[in-house]
C-alpha cells in the first residue's frame, strides 16, 4: 500500500478491495469471533491468558486469510488503527448480511 489515507471514509473502500476473496473474509470472521469469545472468557475468569488468546486468534484468522487466500499483505501493517476499525465494520456487515461471507 503506497497511499496514506487521511480518513476512515476513504480507507474503508480500499480495505474491502483487500478482502475480495470470500475465504479471506471467512477467516477474518472466524478470527474475530474467536477473539470475542476469548474476551468473554477473560471477563468471566479474569485470567489474562485469555487476552493473549484473543490477540492471537483475532490476528491469526486475518493473517491466514491474507497469506493463504487473498495473497496480499494485511492493511494493518500500514494503517493499523483504520484497519482495526475496518475489520470490525466488515465483521458487523457480514454478521448483519450486508456483506457476503
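Just so it is clear, none of the values below were taken in a lab; they were calculated from the coordinates. If you're wondering where the values come from, they're calculated on a predicted model, not measured in any experiment. Positions of Cβ are backbone-derived with ideal geometry, glycine not excepted, and every protein chain shown enters the neighbour counts.
Points to keep in mind about this one:
- Stretch gain in nm, segment residue 77-residue 52, where the contour uses 0.36 nm per residue and the Cα spacing is subtracted: 7.1 nm
- When restricted to Cα atoms, segment 21-95 yields an Rg and a Dmax of 12.5, 37 Å, respectively.
- Here each label is just a point 7 Å from Cα along the line to Cβ, and for residue 12 and residue 98 those points are 0.6 nm apart.
- Ordering of 16-27, 70-81 by packing [mean C-beta count within 10 Å, highest first]: 16-27, 70-81
- Cβ-based exposure ranking for 45, 34, in which fewest neighbours within 10 Å come first: 45, 34
- Relative contact order %, the chain, counting alpha carbon pairs below 8 Å whose residues are six or more apart: 35 percent
- For the pair segment 1-53 and segment 66-96, the centres of their Cα atoms are 6 angstrom apart.
- Crossing angle, helix 49-64 versus the chain [Cα axis fit, 0-90 degrees, rounded to tens]: 30 degrees
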